[in-house]
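Novice: Please read through the structure below; I'll follow up with questions.
The values are calculated or read from the model by the stated rules, or taken from the named source; none is laboratory data. A quick note: this is a predicted structure, and the numbers were derived from the prediction, not measured. Reconstructed Cβ throughout: ideal geometry from the backbone, glycine too, with neighbour counts over all protein chains shown. Accessible surface areas use protein heavy atoms only, side chains included; no ligands, DNA or RNA. Shrake-Rupley method; radii C 1.70, N 1.55, O 1.52, S 1.80 Å.
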Amino acid sequence: MMKTFSKLAACYALLMGSSTVVISDRVYAEVYFNINNGELERPKGFREWIYVGTPVTPNDLNDGKAAFPEHHNVYIDPDSWAHWKKTGAFRDGTILIKELVSVGSKAAVSGNGYFQGDFIGLEATIKSAKHFPNEPGNWAYYSFSNPDLKTLKDSAKPFPAASCNGCHAGAAADDWVFTQYYPVLRGGKGKGEGAIGGMHSDLSVGH
Ligand code: HEC
């Protein structure tokens, strides 16, 4: 429906002979997730969204039992990123993906460290007043991970808020999201279009 709308807008602009066609995705913002019968379909294509950072909590530094081993590659959908840059807030309809990647090698020619190994899990959080009117901040949390650390579920039910958002409520910097660990979100917050250009001044925002 939304897609059709923006295509129509583009056709209209072409018919009007406008020299620059601006398809306003920002106006006809898309929703990047599907919830059917209370289950979230596993989102596809998120590696082409906006990548915001990679916290790592390796087992080595957590007595061998990290809660979420080990690298966490975090992505935000493109329209929510645009909204974040503009307003410094997460829009209703935001989806953040956390892809878990094992620690692979611990040594490279450059030195010792934690290098990414295999994809071992996938989690998501969604802000939606329509779907989660009673959850704190309207956020719900999902996991598609399987115990074999190789396969993923095709769909998932939300966790009861209490089992996931305790840490998020207490320690996350912005609206239940750990933006303090995502330099791209820190740098872009409320900075408008073109906020991120690899400039030092942008990247240091939030410190
Ligand atoms: C022990 C505290 C803790 C619990 C419990 C917890 N989280 Fe988180 N979560 C974090 C921290 C800290 C981060 C950011 C840094 C990181 O990834 O290690 C995070 C980040 C995330 C992110 C990335 C977006 C964001 O909000 O920053 C998702 C998605 C996520 N968690 C999902 C879940 C799910 C699903 C559960 C329940 C199964 C859960 N979390 C339970 C601490 C927690």
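Novice: Calculate the spin-label point distance for residue 107 paired with residue 193, positioning each point 7 Å from the Cα along the beta-carbon direction, and give it in nanometres.
Specialist: Between residue 193 and residue 107, the label points sit 5.1 nm apart.
Novice: State the extension gain, in nm to one decimal, for the chain segment bounded by residue 66 and residue 146, taking 0.36 nm per residue of separation less the distance between their alpha-carbons.
Specialist: Net length gain for the segment: 27.2 nm.
Novice: Next question, about the same structure. How far apart, in nanometres, would the label points at residue 34 and residue 157 be if each is projected 7 angstrom from Cα along the Cα-to-Cβ direction?
Specialist: That separation, rounded to one decimal, is 2.1 nm.
Novice: Check cross-link reach from residue 127 to the lysines: straight Cα distance under 22 Å, and skip same-chain residues fewer than eight apart.
Specialist: Straight-distance partners of residue 127: 3, 44, 85, 86, 98, 153, 157, 189, 191.
Novice: Here is a follow-up. Taking the Cα centre of the stretch 37-117 as origin, sum charge times position over the Cβ atoms of Lys and Arg (+1) and Asp and Glu (-1), and report the length of that vector in debye to the nearest 20.
Specialist: 180
Novice: Separate question: Express the Stokes-Einstein translational diffusion coefficient of the stretch 104-161 in µm² s⁻¹, to the nearest whole number, given a Kirkwood radius over alpha-carbon pairs, 25 °C and a viscosity of 0.890 mPa s.
Specialist: Rounded to a whole number, D works out at 177 µm²/s.
Novice: In nanometres, what is the gap between the two model label sites at residue 118 and residue 169, each 7 Å from Cα along Cα-to-Cβ?
Specialist: 3.7
Novice: Roll a 1.4 angstrom probe over the protein heavy atoms and tell me the percent of accessible area of the stretch 84-166 that is carbon or sulfur.
Specialist: Carbon and sulfur together cover 57 percent of it.
Novice: What do you get for Rg/Rh over the stretch 86-127 if you use C-alpha atoms and the Kirkwood form of Rh?
Specialist: Rg divided by Rh gives 1.24.
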